[in-house]
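The structure appears below as structure tokens.
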Amino acid sequence: MAHDPWQEVEAEAQRLVAAAEDARKLPRTPPRFEEPPEGMGDLAVPTFAYAKAARKAPPEIARELAGAMPASPWFPKVEAAGGYVNFHINAAKLADATLRAVAERGDDYGFLPPNGKRLLLEHTSVNPTGPLHVGRARNSLIGDALARLLRMGGYEVTTEFLVNDIGRQMVLLAWGVEHVPESELEPPERDRDDYRLTRNYQAANARTEADPTLNRQIESMIYRLEHGDATLTQEIHGIAERILAGIRATLARLDIHFDSFFWESDLILGGKIEPVKERMLALPQVGEEGGSYFIDLAPYGVQGRNTKWFFVRKDGTSLYPTRDIAYHLDKFARCDEAIVVLGENHRLESTQLRIALKLLNARKDVEPVFYSYVSLPEGKMSMRKGVAVFVDDLIDEAVARAHTEVSKRREDLSEDRKRAIAEFVGVGALRYNIARVQAEKKITFRWDEALNFEGDSAPFLQYAHARACGILAKAGTAAKADPSALTQPAEVRLVKVLARLPSVVADCAANRRVHPLAAYAYALAVQFQRFYEDCPVLTADEPVRSARLAVVAATRTALGNALRGLGLAAPEEM
RNA sequence: GGACGGGUGGCCUAGCUUGGAUAGGGCAGCGGUCUCCUAAGCCGCAGGUCCCGGGUUCAAAUCCCGGCCCGUCCGCCA
């Protein structure tokens, strides 16, 4: 475990506790280490749990346990304090282990060894009917950060965007493109196909609402599409491709890119739907109602007004569930684990899908990661009502505000340099604001909060990284570091944070959560800033200078990797 | 009606899976701090019924039960 210093520390403490338990004839209790209050050590083991069996007071047990603890080079001091046994760590040894781990792993410090698993992560998957708006972008931001995090966690990750190019919405879009002339449309907000074509989509929506007879046209188009009409499929595919190009351009600005695009129409053209439909129809759980088919999910824990999950229409065409199942079976053949990022409104649907996959004896399950929607102070975002914030506008605003800040703070820089900094600061602020919060929290979008550049924000983290780089750039080559030269509280505390990165990554990857990594990166930046105030590096005498330089270098690596894991730029100056 | 998610100082948020020592942070507010590696920083002050009520426990923000509030879903739509 040379790559994970903190793991090494806990393993050693665990060994000591077990030995002490045996010596005192206490039952082996897998210790859950806690962090004691400041100044009371580094690891704490509560002894309350032993009290009943031992029939002794916790403080007494703590004293006995502490006394029975074998000597260890890791913990020069183990003491009882109330009902706790507190371990004081050997700071020099931890520094040595941490700096060695960073040296051994190099730029990969914090990356876990490859676990050999192919993980398919689906995210974003918006219907290509218009530009990306802020509500949906949370999906992309969470998905992309998760992909980066899981790569750090040792997975071989493929990100995939499911392009829906066969639904009613897409037919409507195609109809709008064909039947609504440019002369009847307002000028587009931006000169790009996603902005241009979404006007046709909105117009088509408005017209079908006003004139229900149009629905027959639309329905016949849907029918043709679902029966593999190659010409129509091609046409819609082409339109979707143009809008998707716009969406991809927006995402690219956020540094979000996909490894794979899966076109839903390929399921139909590839004949993947029919076999799945047949397999489903053969299930004993299937019911029939007026020529249509469903699975009653009530026995599987689904409750509500209607537990019937229809997958075949009375005209024999497949419904979305069938295609979703076919898609997932296809996914499963291409990976070892499948994750999909979904909005909270898809919770039930996801449960239904997973039950169906199980009934079909699918070889894998799909793991959903849910997030709540982003609303505006004035209420819900809605494309149809035009109450939405486009991601492009959000990015522009973020970058503009960042540019104002950079100009204020760095008059010495060239305009090109300021623009470059403004770009990663603005985009970083946006990304971090989503990444730092638990996905299940609903968010009310406020400009001032989304574009905060101080305190717990991306620029703060980036600034810490830039400062570390600044010191290293001026330092020249350093002598070999002697970890025992690190004795100041600020530098010792920084080392302790540095030691934790691999454990944090492991925890995040296992739980499929990115926000603890954000919290870690912030804690690391905070500790580095304090170190920066308290511990001069370049002007220090040897051997302190070299030791501190090694800590700064380790910080650059660890913080840089944490930043990149969150999808944020790790700048050398700002 | 049912299911699921959230509810932590004025605002935002961590901690909840695995119960433990004064509930961590940030923003906004107030006060300090640039002859010294970038002040997007650092230091300090102030601010809390952890939604409410029961229960379990030596110990509950955390677990259990019952409410309340907010959100989401329960289409032969996708």
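The values are calculated or read from the model by the stated rules, or taken from the named source; none is laboratory data. Treat the numbers as computed from the prediction; the structure is a model and nothing was measured. Heads up, the Cβs are rebuilt from the backbone with ideal geometry, glycines too, and the neighbour counts pull from every protein chain shown.
For region A:121-156, which residues satisfy the criterion of being in contact with a strand residue (DSSP E or B) (Cβ under 6 Å, 6 or more places away or on another chain), buried (at least 24 other Cβ atoms within 10 Å of the Cβ) and more than 24 Å from A:LEU563 (Cβ to Cβ)?
Across region A:121-156, the qualifying residues are A:GLU122, A:PRO131.
Can you confirm whether region A:65-79 contains a residue that is within 16 Å of RNA strand B (Cβ to nearest atom) and part of a helix (DSSP H, G or I)? Let's see the steps before the verdict.
To start, the set of residues in region A:65-79 that are within 16 Å of RNA strand B (Cβ to nearest atom) comprises A:65-66, A:69, A:75, A:77-79.
Narrowing the set further to residues that are part of a helix (DSSP H, G or I) leaves A:65-66.
For region A:65-79, residues within 16 Å of RNA strand B (Cβ to nearest atom) and part of a helix (DSSP H, G or I): present.
Kindly provide the set of residues from region A:436-451 that are more than 8 Å from RNA strand B (Cβ to nearest atom) and closer than 21 Å to A:PHE528 by Cα, ordered by number. Walk me through how you get there before you give the answer.
Filtering region A:436-451 for residues more than 8 Å from RNA strand B (Cβ to nearest atom) gives A:439, A:445, A:447, A:450-451.
Of everything in region A:436-451, nothing turns out to be more than 8 Å from RNA strand B (Cβ to nearest atom) and closer than 21 Å to A:PHE528 by Cα.
Restricting attention to region A:39-60, which residues are closer than 12 Å to A:GLU21 by Cα and either more than 11 Å from RNA strand B (Cβ to nearest atom) or among the charged types (D, E, K, R) (or both)?
A:ALA54
Search region A:317-369 for residues being more than 9 Å from RNA strand B (Cβ to nearest atom) and free of Cβ contacts under 8 Å to residues at least 12 places away in the same chain, and hand back the single one that is surrounded by the fewest Cβ atoms within 10 Å (Cβ to Cβ).
A:ASN361
Quick one: would you say A:ALA71 is without any contact (Cβ under 8 Å) to a residue 24 or more places away in the chain, under 30 Å from the mean Cα position of the chain (by Cα) and closer than 30 Å to A:GLU104 by Cα? Steps first, answer last, please.
On the way: without any contact (Cβ under 8 Å) to a residue 24 or more places away in the chain: yes; under 30 Å from the mean Cα position of the chain (by Cα): no; closer than 30 Å to A:GLU104 by Cα: yes.
When the stated conditions are applied, A:ALA71 does not pass them.
Could you list, in sequence order, all residues of region A:302-316 that are on the phi > 0 side of the Ramachandran plot and more than 8 Å from RNA strand B (Cβ to nearest atom)? Give the derivation first.
So in region A:302-316, the residues on the phi > 0 side of the Ramachandran plot come out as A:304, A:316.
Of everything in region A:302-316, just one residue is on the phi > 0 side of the Ramachandran plot and more than 8 Å from RNA strand B (Cβ to nearest atom), namely A:GLY316.
Filter region A:160-196 for residues that are more than 16 Å from RNA strand B (Cβ to nearest atom), β-branched (Val, Ile, Thr) and not in a loop (DSSP other than H, G, I, E, B) and give the result. Full working, then the answer.
Looking only at region A:160-196, we keep the residues that are more than 16 Å from RNA strand B (Cβ to nearest atom), and these are A:160, A:176-196.
After this cut, where a residue has to be β-branched (Val, Ile, Thr) as well, the list is A:177, A:180.
Matches in region A:160-196: A:VAL177 only.
Here is a yes/no grid of residues against (1) assigned to a helix (DSSP H, G or I); (2) farther than 19 Å from A:ASP255 by Cβ; (3) away from RNA strand B (no atom under 11 Å from the Cβ); (4) touching a helix residue (DSSP H, G or I) at 6+ places or on another chain (Cβ under 6 Å):
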| residue | (1), (2), (3), (4) |
| --- | --- |
| A:LYS408 | yes, yes, no, no |
| A:GLU411 | no, yes, yes, no |
| A:GLY428 | yes, no, no, yes |
| A:PHE453 | no, no, no, yes |
| A:GLY470 | yes, yes, no, no |
| A:ALA478 | no, yes, yes, yes |
| A:ALA490 | yes, yes, no, yes |
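Applying the selection to region A:281-315, what residues are small (Gly, Ala, Ser) and in contact with a helix residue (DSSP H, G or I) (Cβ under 9 Å, 6 or more places away or on another chain)? Let's see the steps before the verdict.
Here is the first cut: in region A:281-315, the residues small (Gly, Ala, Ser) are A:282, A:287, A:290-292, A:298, A:301, A:304.
Passing the criteria: A:GLY301, A:GLY304.
How many of the residues in region A:538-548 are surrounded by fewer than 23 Cβ atoms within 10 Å (Cβ to Cβ) and closer than 23 Å to A:TYR520 by Cβ?
Initially, region A:538-548 is screened for residues surrounded by fewer than 23 Cβ atoms within 10 Å (Cβ to Cβ), giving A:538-546.
Among the residues that remain, those that are also closer than 23 Å to A:TYR520 by Cβ are: none.
Residues flagged as surrounded by fewer than 23 Cβ atoms within 10 Å (Cβ to Cβ) and closer than 23 Å to A:TYR520 by Cβ within region A:538-548 amount to 0.
Only one of A:ALA458, A:ALA435, A:ALA478 is within 26 Å of A:ALA554 (Cα to Cα), crowded, with 17+ Cβ neighbours inside 10 Å, modelled with pLDDT under 95 and touching a Leu at 6+ places or on another chain (Cβ under 6 Å); which? Reasoning before the result, please.
Details: A:ALA458 fails: modelled with pLDDT under 95; A:ALA435 fails: modelled with pLDDT under 95.
Exactly one residue qualifies, and that residue is A:ALA478.
In contact with a Phe, Trp or Tyr (Cβ under 9 Å, 6 or more places away or on another chain), more than 19 Å from A:TYR300 (Cβ to Cβ) and among the basic types (Lys, Arg): does that describe A:LYS331? Walk me through it before giving the result.
On the way: in contact with a Phe, Trp or Tyr (Cβ under 9 Å, 6 or more places away or on another chain): yes; more than 19 Å from A:TYR300 (Cβ to Cβ): yes; among the basic types (Lys, Arg): yes.
Here the answer is yes, as A:LYS331 does meet what is asked.
Within region A:19-38, does at least one residue satisfy the condition of being within 8 Å of RNA strand B (Cβ to nearest atom), farther than 29 Å from A:ARG493 by Cα and loosely packed, with under 14 Cβ neighbours inside 10 Å?
No, region A:19-38 has no match at all.
Confirm whether A:ARG207 is charged (D, E, K, R) and at pLDDT below 95. Write out each step before concluding.
Working: charged (D, E, K, R): yes; at pLDDT below 95: yes.
So A:ARG207 passes the test.
Considering only residues that are in a loop (DSSP other than H, G, I, E, B), more than 36 Å from the chain's Cα centre (by Cα) and β-branched (Val, Ile, Thr), which ones fall in region A:536-558? Reasoning before the result, please.
The initial filter retains those residues of region A:536-558 that are in a loop (DSSP other than H, G, I, E, B), namely A:536-543.
If we keep only those that are more than 36 Å from the chain's Cα centre (by Cα) too, we end up with A:538-543.
Answer for region A:536-558, where residues must be in a loop (DSSP other than H, G, I, E, B), more than 36 Å from the chain's Cα centre (by Cα) and β-branched (Val, Ile, Thr): just A:THR539.
I'm trying to understand the selection: among the residues of region A:284-300, which are within 8 Å of RNA strand B (Cβ to nearest atom) and surrounded by fewer than 15 Cβ atoms within 10 Å (Cβ to Cβ)? Don't jump to the end; show me each part of the working.
Here is the first cut: in region A:284-300, the residues within 8 Å of RNA strand B (Cβ to nearest atom) are A:289-292, A:294.
Of everything in region A:284-300, those that are within 8 Å of RNA strand B (Cβ to nearest atom) and surrounded by fewer than 15 Cβ atoms within 10 Å (Cβ to Cβ) turn out to be A:GLU289, A:GLY290, A:GLY291.
What are the residues in region A:106-124 that are closer than 21 Å to A:ASP255 by Cβ and either touching a Cys at 6+ places or on another chain (Cβ under 8 Å) or of a type in the set (D, E, K, R) (or both), if any?
Start the filter on region A:106-124 by keeping residues that are closer than 21 Å to A:ASP255 by Cβ, which leaves A:107-108, A:110-111, A:119-124.
Hits for region A:106-124 are A:ASP107, A:ASP108, A:LEU119, A:LEU120, A:GLU122.
Test of understanding: among A:GLU405, A:GLU440, A:GLU397, which residue is modelled with pLDDT under 95 and surrounded by fewer than 17 Cβ atoms within 10 Å (Cβ to Cβ)?
Working: A:GLU405 fails: surrounded by fewer than 17 Cβ atoms within 10 Å (Cβ to Cβ); A:GLU440 fails: modelled with pLDDT under 95.
The conditions single out A:GLU397.
Select, from A:LEU146, A:LEU99, A:LEU94, A:LEU112, the only residue that is in a loop (DSSP other than H, G, I, E, B), within 30 Å of A:ARG493 (Cα to Cα) and at pLDDT 95 or above. So that I can check it myself, show each step before the final result.
Values: A:LEU146 fails: in a loop (DSSP other than H, G, I, E, B); A:LEU99 fails: in a loop (DSSP other than H, G, I, E, B); A:LEU94 fails: in a loop (DSSP other than H, G, I, E, B).
On inspection, the qualifying residue turns out to be A:LEU112.
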